[in-house]
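Inspection log for the structure reproduced underneath, given as structure tokens.
Read-outs: derived from the displayed coordinates by stated rules, not from any lab. Just so you know, these numbers come straight off a predicted model, no measurement behind them. When we count neighbours, we look across all protein chains shown, and the Cβ atoms used for this are built from the backbone with ideal geometry, even at glycine.
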Amino acid sequence: MSYGEVAALIAAVAFVALVAFLAVPILRLRHTVDAATRALTDMTDRTGPLLRNVNTTVDNVNVALGQVQTTLDGVNVQLAKVDTITSHASHVTANVANLATVVTAAASNPIVKVAALGYGFRKATAKRRHDSEEREVREEMKARRKGR
């Protein structure tokens with residue numbers, strides 16, 4: 001055997017040792033890859049129904065949101081009607097206030113005149129009564145002076 005053949009034999013033995021040395025981690029890696037594959041398969045099997053449930057939930061939420069939108073549209077229509085009613089009530093209130101002002105102005109002058117007339121009658125009656133009492137007192141005093 002020549003040195004070249006010995007070197008080739010050593011290289012071959014080293015290569016076999018290297019392959020044997022790397023075979024163990026490669027086999028372990030294969031088990032790890034198999035376990036990862038099984039985990040992914042299980043995850044896929046579980047994810048399908050979960051995603052279907054999520055899709056059903058999203059569909060139900062979309063239906064509920066559609067109903068809420070319909071309700072809000074109805075509420076907005078009712079609010080528009082309430083705004084109209086409020087506007088009309090405001091106009092009615094303004095008209096009533098104006099009418100009250102007109103009635104007050106129209107009624108206040110005669111009422112003041114009647115009140116003044118009543119005050120004048122009372123004052124005149126009181127003065128007449130006072131004058132009549134005063135006259136009676138004077139006449140009595142004159143009669144007492146003459147009678148003495």
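A few remarks follow.
- Equivalent ellipsoid semi-axes, segment 1-85, via Cα gyration tensor eigenvalues times 5, rooted, Å: 77, 14, 6
- The long axis of helix 3-147 is offset from the longest Cα principal axis of the chain by roughly 0 degrees.
- Sites residue 131 and residue 104 - FRET efficiency at Förster radius 41 Å, r taken between beta-carbons, to 0.05: 0.55
- Mean projected area of the Cα convex hull of segment 45-148, taken over all directions, amounts to 16.0 nm².
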